[in-house]
Amino acid sequence: MASRRVYLETFGCQMNELDSELVSGQLRALGYSFTRERDEADVILYNTCSVREHAEQKVWSRLGEDKARKLARPAMVVGVLGCMAERDGTDLIRRMPVVDVMCGPGELDKLPALLDNAVRTRESLLADAQRNAEEPEQPEQTRDEPGVDSGNGSSPVASGFSGSSEFFLKRSARQVALQGNASRRSSTLAAAADTLEMLDLSRSVSPDDHTGSAYVRITRGCNKFCTYCVVPFTRGAEVHRPPRHIVDECKRLADSGVVEVTLLGQTVNHYRFEHGAAVTVGGVAQPQKGRSYTGGHRRDPFSGDKTTTFADLLAMIHEEVPQIQRLRFVTSYPRDFGDDVLAVIREHPRICRYLHVPAQSGSNAVLARMNRGYTVEEYLEFLDRARAALHQPEIGRPLTVAGDIIVGFPGETEPDHEATKALLERARYKNSFIFKYSPRPGTVAFDKLADDVPDEVKRRRNNELLALQLRISETVSAEFVGQTLDVFVQGVSRREEKKAIKASRYQGIALTVNGRAAAPDVEAPVVDAAGVQMSARTEGDVIVFFDAPGGSSPDDLIGRIVRVRIDSSTPLALHGRFEP
Ligand code: SAM
Ligand code: SF4
């Protein structure tokens, strides 16, 4: 039988991107192939995000569209992975019977088994339906299915079985998804043996899987319980992976040509592994629950011989995997960021001087209601400390900082908003992600704090912050003009991508875009890239555009670090010339 084709779409953060990569590797190893077209897929998977309502709405609308697809091709399987599966559970199936499989972020290792179940169940349901179609009509069809709409006796669907296609859709959804759901709950109970670690450990690493850059998870989950945030509920408790697993994964990635690694965690600087308390199951060291501590400090209070702190981990990767030329990490939590980490970054040249360290608000009253655990003064003290240690433009190594802000949190007044503007002025982020507050069911803010900032006020404050950040980004960017920087080439620019895809469609030109075929049956690379605009990033994560030199192909440059002289800047990007 031809391999089943999977369409996988990812919503949300880098953690979801990594999960999707791991899931794809697992499915590929089992013989599944991938398609970019939903209409060609036998299996449609959405890896979802619940952090804001908007991200969920996109998935609801995709699922709505899939209903017609499934009526036309009843053997197709639809799966919802990630945060929505964890959060919405059976409600999701009730609302969207098109869903066959649900798989929360904590059980992605079980996805192949769940998919296999779903495929088999649909096949047997189809066979039943086929048999029924050959038998005389059965008038009591819906008696044992209370609450299920019989579809008013609609006509046979495309596969040829008779009876209600809606009925089939709903019954099958219930039968298949409940299997997934049962598995989901029981796997939560089995969390002591951390089977999810096997997913990271079994990561398929081959030069074809990347374009020089990769994510590596170091912690999962979060213990912070910021009052607006679903992550502690969808991703569970903070858990740290054994350092040896992380370093070995970095080595395998480097051996396959990766030169840039981004370490991932919701509170990445909380990483700590206490070897004295390590648990081994079947010879495999298990990830460890985070031990909490309170109060700001300059050094991990548990550091010592038997503990690998975040600072130790960074130094280990730097020492043991020198092929990794850029080591970065996201997202940092402003409190508990020790001087020990800053010192390690300063002393190790391949650790990027870039921090993504969200403040969320510039008002102490709002920060307290958010349960962020620090004040504006403490946040700014941290930034000053980080800049004093790491901002060295004179040796070509400036520190760049990015932040997140939530605008219109419950009770946010005009003075609170002004305080956030003042924080932006002081923080001088190279960019910040500004989100309008989105009330999330299940969080403390949703239950206890009225969403009392009117939407037009949220919108106006949001626009003011965006305009202010744009002005700040413009001045931060302008400081790079005239410098020659090492940049990591990620691919051709969006502009070129669009041009190339258009050309391949309308003129039959064969090309690859960012190391991958731009169209399914296109293989040959662009031969001479002279003048093709490339997109790259500085150590500080600033985007740089430059024209590829003649005689090269984009694929020669992608995944490499090259030198570019910066000629001009815009608020969010630099433009420069390749320096041979
Ligand atoms: N762990 C990171 C931290 O605390 O800095 C951030 C992780 S969160 C998935 C990413 C960002 O989404 C947050 O920094 C916050 O700005 C935003 N966010 C989270 N919940 C939100 C909500 N309910 N409404 C609006 N933005 C939200
Ligand atoms: Fe969410 Fe706060 Fe944890 Fe970040 S630190 S993931 S915002 S609960």
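Brief remarks follow.
- Filter result for the condition that a residue is of a type in the set (Val, Ile, Thr), more than 16 Å from ligand 2 (Cβ to nearest atom) and within 15 Å of the chain's Cα centre (by Cα), over VAL23, VAL78: VAL23
- Of everything in region 206-227 that is in a loop (DSSP other than H, G, I, E, B) and in contact with a strand residue (DSSP E or B) (Cβ under 8 Å, 6 or more places away or on another chain), the residue that is nearest to ligand 2 (Cβ to nearest atom) is CYS226.
- Qualifying residues in region 348-361 (those that are touching a helix residue (DSSP H, G or I) at 6+ places or on another chain (Cβ under 8 Å) and open to solvent by 10 Å² or more (accessible area, probe 1.4 Å)) - the one nearest to ligand 1 (Cβ to nearest atom): GLN360
- The one condition in (1) buried (at least 21 other Cβ atoms within 10 Å of the Cβ); (2) without any contact (Cβ under 8 Å) to a residue 24 or more places away in the chain; (3) among the aliphatic types (A, V, I, L, M) that ALA277 fails to fulfil: (1)
- Of the residues ARG372, ARG397, the single one that is within 16 Å of ligand 2 (Cβ to nearest atom) and of a type in the set (Lys, Arg) is ARG372.
- Region 8-18: number of residues that are closer than 18 Å to SER213 by Cα and within 15 Å of ligand 2 (Cβ to nearest atom): 4
- Neighbours by Cβ (under 8 Å, 6+ apart or cross-chain): first from region 383-411, within 16 Å of ligand 1 (Cβ to nearest atom); second charged (D, E, K, R) and assigned to a strand (DSSP E or B): ILE406/LYS436; VAL407/LYS436; GLY408/LYS436
- Restricting attention to region 332-369, the residues that are touching a Pro at 6+ places or on another chain (Cβ under 9 Å), within 12 Å of ligand 2 (Cβ to nearest atom), over 16 Å from ALA419 (Cα atoms) and of a type outside the set (S, T, N, Q) add up to 3.
- So GLU414, is it over 30 Å from GLU53 (Cβ atoms) and out of contact with any strand residue (DSSP E or B) (no Cβ under 7 Å at 6 or more places or on another chain): no
- Region 233-253 - residue that is farther than 23 Å from PHE488 by Cα and among the basic types (Lys, Arg) and, of those, nearest to ligand 1 (Cβ to nearest atom): ARG235
- For region 417-429, a residue qualifies if it is within 16 Å of ligand 1 (Cβ to nearest atom) and open to solvent by 20 Å² or more (accessible area, probe 1.4 Å), but none of them does.
- Being out of contact with any helix residue (DSSP H, G or I) (no Cβ under 6 Å at 6 or more places or on another chain) and more than 16 Å from ligand 1 (Cβ to nearest atom) is a property that does not hold for ARG52.
- If the condition is being part of a loop (DSSP other than H, G, I, E, B) and within 16 Å of ligand 2 (Cβ to nearest atom), then region 228-255 contributes TYR228, CYS229, VAL230, ARG235, GLY236, ALA237, GLU238.
- When restricted to residues that are within 16 Å of ligand 1 (Cβ to nearest atom) and either of a type in the set (A, V, I, L, M, F, W, C) or at positive phi (or both), region 196-232 contains 8.
- Residue in region 309-340 that is farthest from ARG241 (Cα to Cα), counting only those that are open to solvent by less than 20 Å² (accessible area, probe 1.4 Å), modelled with pLDDT of 95 or more and β-branched (Val, Ile, Thr): ILE324
- Looking only at region 433-468, and only at residues there that are of a type in the set (Phe, Trp, Tyr) and open to solvent by 20 Å² or more (accessible area, probe 1.4 Å), the one that is farthest from MET84 (Cα to Cα): PHE433
- Pick from region 42-64, criterion open to solvent by 50 Å² or more (accessible area, probe 1.4 Å) and touching a residue at least 12 places away in the same chain (Cβ under 8 Å), ranking: farthest from ligand 2 (Cβ to nearest atom): ARG62
- Which numbered condition ILE395 misses (of (1) surrounded by 15 or more Cβ atoms within 10 Å (Cβ to Cβ); (2) closer than 30 Å to GLY257 by Cα): (1)
- Failed condition for LEU390, given (1) at pLDDT 95 or above; (2) open to solvent by less than 10 Å² (accessible area, probe 1.4 Å); (3) farther than 18 Å from TYR429 by Cα: (3)
The values are calculated or read from the model by the stated rules, or taken from the named source; none is laboratory data. Treat the numbers as computed from the prediction; the structure is a model and nothing was measured. Quick reminder, even Gly has a Cβ in these numbers, built from the backbone with ideal geometry, and neighbours come from all protein chains shown. What goes into the accessible areas is simple: the full protein's heavy atoms, side chains included, and nothing from ligands, DNA or RNA. Shrake-Rupley method; radii C 1.70, N 1.55, O 1.52, S 1.80 Å.
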